[in-house]
Amino acid sequence: MLQGWVIASISFAYLGVLFAIAYFGDKRADAGRSIIANPTIYALSLAVYCTTWTFYGSVGRAASTGIGFLPIYLGPTLMAGLWWFVMLKIIRISKANRITSIADFVSSRYGKSQLLGGLVTIIAVVGIIPYISLQLKAISNSFTILLHYPEIVMPARAEALPLLQDSALYIALILAAFTILFGTRHLDATERHEGMVAAIAFESIVKLIAFIAVGAFVTFGIYNGFGDIFDRAEAVPKLKALMTVSDTGASYGSWWSLTFLSMLSIMFLPRQFQISVVENVNERHLTRAIWLFPLYLLLINIFVLPIAVGGLLHFPDGSVDADTFVLTLPMAERQEALALLVYIGGLSAGTGMVIVETIALSTMVCNDLVMPVLLRWKALRLQEEHDLSGLLLSIRRWAIAVILLLGYVYFRAAGEAYALVGIGLISFAAVAQFAPAIIGGIYWKGGTRRGAMAGLTAGFAVWTYTLLLPSFAKSGWLSLDFISEGLFGIGLLKPQQLFGLSGLGEIPHSLFWSMLANIGCYVAFSLHRRPDVVEASQGTLFVDAFRNTESAAGSRFWRGSAQVHDLLPLIGRFLGPERARDAFLAYARRRGLASIDALEANADLVHFAETLLAGAIGGASARVMVASVVKEEPLGIDEVMNILDEASQVRAYSKQLEQKSRELEAATAGLRAANERLKELDRMKDDFMSTVTHELRTPLTSIRAFSEILFEDPKTDLTDRRKFLAIIVKETERLTRLINQVLDMAKIESGNAEWHTADVGLREIIEESIAATSSLFADKQVALDMALAGEVPMVRADRDRLIQVMLNLLSNAVKFCKEGAGRVTVRLGVDGSTVRVDVADNGPGISEADQHTIFEKFRQVGDTMTAKPQGTGLGLPISRQIIEHFGGRLWVKSGTGQGATFSFSLPMNREANEHHEERKAK
Amino acid sequence: MMKRSIVTGQRLVAAFLLGCVLFNYPLIALFNKPGEVFGIPLLYFYLFGAWALLIGLMVWAIERRKE
Amino acid sequence: MTKRILIVDDEPNIVVSLEFLMKREGFDVAVAADGEAALKSVEEKRPDLVLLDIMLPKKNGFEVCQTIRANPEWQSVKIVMLTAKGRDTEVAKGTALGADAYMTKPFSTKDLIAQVRQMLDAA
């Protein structure tokens, strides 16, 4: 038999399993191997949306309004379609700004306002307390009912029970203890609770299995399938009515407004925000959740109507509360195990909601309500505390306990006035008030703090007046007159028929007026005054979240700086010194620095500290705390606007620019190359011009000078006269030589040179050249060796030109030899199909770099400024042109300090040679 | 970071809009009559059918995105 | 007192002509064939005027001019730059560095002597 202690121990065992999963999950998260990094787990965790309301309440609602239980699940399905844009944006913003709760989100968006964060927290707490009481009611009822197995006894009205016999109280206390253990073991800078997410995903599976099990049992076990159930329902008029929706405007209005309400709730219920945004591990998980979560909702709702109908058929006299059919049907059929499973399923549904919701709420209460007050309360001198992490944790624990107790209080005070679903809808209507501020916040930069405050306050006030107070009144705590007569007897202020709007259900009515007040005030107050500096910057950060690629955008708005040794203790006070140190170290490592001390005191560091702290105490308080450490010059709004404008302009232009610049680059690369070449040529031309000018003018100077001297004084000394005239002659020759060479070069290059090609013998040419340069050799006392092969084939070339080449090479060789120690070797021989001549000297040699240069026009080895060039720089280029003209090659082999060997080769003239041979043979 | 495939997003928004139409007054009134399909009441069948269709469309939109 | 002239040029023939000219005019003449030798000569015996070519080995004429001008003791030394390069930029550079006059080659002997006399008489 299912005795109390059996049920209790099974309950505790189940809670133990949950705890174990959570513990395991947290451990793995700390080790860096998260078990929840899985899109399916993420999607399942979202199913925390389904609480005992879904588990028990849906059937209850279906039993009274038929298909009318469904809109609550259609709403989230529809919303999922928009998640791709909206939810993704919220997640991205939250990650970038380290948002830890819905209050944090709102407060952060509207200028990091602590006041706004506090308001959101209050609304959330007040709004959710009824919802929590709903869970307590469901769990305690299910416990009580199961206790009486196999009899089916409805639980007594809660008010009737003395306090200490009320199981709900104990359940509340146990849940409080459990949640505290679950979620407040330590302070995490990111407010993530991976273990909790794992446990919630597990619970979602349990819920689904339990419900489907009982559904299948009722449909196929008790009855004979869907057809059977509905056929029987047809027979009963009351049941038949359930199959359709009543065809009235009010009914459709109700349908529509419930759908709309649930669309908002799936986003803005604190537990949904916590699970879907704060606990989100990876953006990508969202994609699977978009369809998996609606699928879950579909599956868990398939059997609702059959169970409802089945229950109504089974208990026609109405003695059994429809909310309990899920449990009482298996009980009535003596299915002990199934009943127990159902109970566990319900427990799952309830505990899941309570845990996540209270953790989310306690975080908000701690960060956005209590801490700001405490920090300002000078008397407490919290500024000087070294480790506030303990304080933070206790605040949260107390918050959890208080919230659960308040839930219990509401349960006792007002829980009986409504069926479960009714209570839940009141909470939905409360959190719907967050919608304008948040949706407006992420799409409208014009939303201001005042607007949000006004909207939230107005909406909340209307909600209180049209839903919360009436719920108290209906439970007897307030006079019912106020509902029927209106406040102070003013008919127009009837809370459920404000200003005469009648014909709407309670919820749609409240929704209409609260949204009107909320949105109206939000827009009006936002437009009334321009956003200030922080609002504008946060607005841009949020609305442009998809365009900002770095979260470093936030750091631009800190102009001050602070040393690490100021920031670290500050963070340590809230996170605990160890965790603060670890976080900073990780940050330093990410920047490639070895230690914390290497961190620069700049705006990025401050921004990092602020976001880190925001995780622990909320964005608004974090800003205040960090600002106290940082020496910051406040940015004027103009400067911020400039920064923002710059940023947006830059972004707008950058894309165009990128493309243009790519095209430009290609063009300029070509142009640049051409320009370089032109400049080079120009420079060379300049050099050439100035060198030639210089070369021309130098001999001219002497010629003129001496000519004038001789002309001035006819009686000049004879020896002097002779000397001077000799110089004039020599210089004239030099001048002529230069002019000739320049002209020569020009002719060869332009192809206008005259060539007298014939068969020539190189041996003879060499000998003649040597004879011509013998005086050079003698002057410098350079030795000359000859190694000329005997019979060398003829080549076809211009004799004079070849002599010119030989003279050039020989004179170069002599020029670069050391005086007295020089040695030049001339070789002539056959090399393959060519005839080759080498002129080797033992001079200083030519470095590899210069080997290319010496063949360039007017280029000579050595700087023209410091080592006076000894020639025109045209000799080698001309020689090369000549040799190449006849199909040969001219090159040099040398190394610094190894002397130089200039060689040229010319192709043999076969025909001529054969001819020659023949002639010689004759 | 998830690449924002705008097409997928638009398809999902289209699904949303379709859902708004399917699950609202005009169409619901259409099916709001007594009658049964495979033994299941008409409205019930329609709603769950449309629901399944909508989910199917979303699955298709997502699985078809170019990653 | 006889004025002393330093001739700096690496072209021997030009040196010969200048030397002859200056001696004929009654000046004491010193000769240097490169920049370093020029500065050494200035140190040994300070000239009254320097005929300075630009294209010199070791130190070029501009550097020599700059060095001379940098030394306060040699402020009175007149510098006449002689060069085959006649571009405006070169002239400007020379004057900027402190040359007192600038003559392009080939020069007229008459003009050169007149210039030298004028500068030395003015001193």
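Every number here is computed from the coordinates shown, using simple stated rules; none is lab data. The shown structure was predicted, so the numbers you read here are calculated from the model rather than taken from an experiment. Glycine gets a Cβ as well: all are built from the backbone with ideal geometry, and neighbour counts include every protein chain shown.
Residues whose amide H lies under 5 Å from that of A:Leu593, counting only those 5 or more places away or on a different chain, are absent; hydrogens are built 1.01 Å from N in the peptide plane. On the basis of the beta-carbon distance and an R0 of 25 Å, A:Lys715 and C:Asp28 show a calculated FRET efficiency of 0.60. Summarising the strand pairing of the protein assembly as shown, around 55 percent of its internal DSSP beta bridges are antiparallel.
Dividing the Cα radius of gyration of chain C by its Kirkwood radius returns 0.91 for Rg/Rh.
Amide H contacts of A:Val835: A:Leu906, A:Met908, each under 5 Å away and 5 or more positions distant or on a separate chain (H built 1.01 Å from N in the peptide plane; Pro and chain starts excluded). Given a Förster distance of 25 Å, report the FRET efficiency between A:Asp831 and A:Arg683 from their Cβ-Cβ distance, rounded to the nearest 0.05. Efficiency, rounded to the nearest 0.05: 0.10. Proximity of backbone amide H atoms, modeled 1.01 Å from N, is registered between A:Leu788 and A:Leu828 at under 5 Å, excluding neighbours fewer than 5 places apart on the same chain.
How many percent of Cα pairs in chain A exceed 36 Å? It would help to have the intermediate numbers written out before the result.
Working: 269009 of 424581 pairs.
Tail of the P(r) past 36 Å holds 63 percent of the pairs.
Taking the three principal axes of the alpha carbon atoms in region B:2-63, the coordinate ranges are 47, 22, 11 Å, sorted in descending order.
Between B:Ala52 and C:Ala114, the modelled labels are 11.8 nm apart [label points 7 Å from Cα along Cα→Cβ]. With a 10 Å cut-off around each Cβ of B:21-31, the average count of Cβ atoms from other chains is 3.
For the peptides A:232-240, B:11-19, the ranking by packing is B:11-19, A:232-240, with the highest mean count of neighbouring Cβ atoms within 10 Å listed first.
Pairs exceeding a 28 Å alpha-carbon distance, out of A:Lys730/A:Lys818; A:Lys445/A:Lys660; A:Lys857/C:Lys105; A:Lys112/A:Lys207: A:Lys445/A:Lys660; A:Lys112/A:Lys207.
I'd like to compare A:99-105, A:269-275: which one has the highest average count of other Cβ atoms within 10 Å, and what's the full order after that?
Values: A:99-105: 30.6, A:269-275: 26.4.
Per-residue Cβ counts within 10 Å, averaged per peptide and sorted highest first, yield A:99-105, A:269-275.
Multiplying the residue separation of A:Arg581 and A:Ser479 by 0.36 nm and removing their Cα-Cα distance gives an extension gain of 30.9 nm. Under the criterion of Cα pairs below 8 Å and six or more residues apart, the relative contact order for region A:687-790 equals 25 percent. Each residue of region A:792-806 was assigned a 3J(HN,Hα) from its phi angle through the Karplus expression (A = 6.51, B = -1.76, C = 1.60, θ = phi - 60°), giving 10, x, 7, 10, 8, 6, 8, 4, 4, 5, 5, 4, 3, 4, 4 Hz with x at Gly and Pro. A Förster radius of 35 Å combined with the Cβ-Cβ distance from A:Ser394 to A:Arg284 puts the calculated FRET efficiency at roughly 0.40. Neighbouring Cβ atoms from other chains, within 10 Å of the Cβ of residues in C:100-113, number 3 on average.
Note on A:Asp785 and A:Ser64: the extension gain reaches 246.9 nm, defined as 0.36 nm multiplied by sequence separation minus the Cα-Cα distance. Using θ = phi - 60° in the Karplus curve 6.51 cos²θ - 1.76 cosθ + 1.60, the 3J(HN,Hα) couplings for region C:2-17 round to 6, 7, 10, 10, 9, 9, 10, 6, 8, 8, x, 5, 5, 4, 4, 5 Hz; x is entered for Gly and Pro. Sorted from longest to shortest, the spans of the Cα atoms of region A:662-747 along the three principal axes equal 78, 25, 14 Å. Packing here is the average count of other Cβ atoms within 10 Å per residue, and on that basis the peptides C:45-53, A:289-297, A:839-847, highest first, run A:289-297, C:45-53, A:839-847.
Would you mind giving the mean number of other chain beta-carbons within 10 Å of the Cβ of each residue in A:294-306, as a whole number? Before the final figure, lay out each step's value.
Values: counts 7, 6, 1, 2, 5, 0, 0, 3, 4, 0, 0, 5, 2.
Per residue, the number of nearby Cβ atoms from other chains is 3 on average.
With the alpha-carbon atoms of region A:238-331 aligned to their principal axes, the span from lowest to highest coordinate is 51, 39, 22 Å, starting with the largest.
Each label point was placed 7 Å from the Cα along the Cα-to-Cβ direction; for A:Trp891 and A:Ala216 their separation is 8.9 nm. Roughly what angle does helix A:506-528 make with the longest principal axis of chain A, taking Cα atoms, 0 to 90 degrees, to the nearest 10? Compared with the principal axis, the helix lies near 40 degrees. Full extension of the segment from A:Thr693 to A:Leu776, taken as 0.36 nm per residue of separation minus the current Cα-Cα distance, would add 27.2 nm.
Using the alpha-carbon atoms, what tilt in degrees (0 to 90, nearest 10) does helix A:910-921 show relative to the longest principal axis of chain A? Computed tilt is about 30 degrees.
Legend: translational diffusion of region A:1-156 by Stokes-Einstein, Rh = Kirkwood radius over C-alpha pairs, 25 °C, 0.890 mPa s; D = 125 µm²/s.
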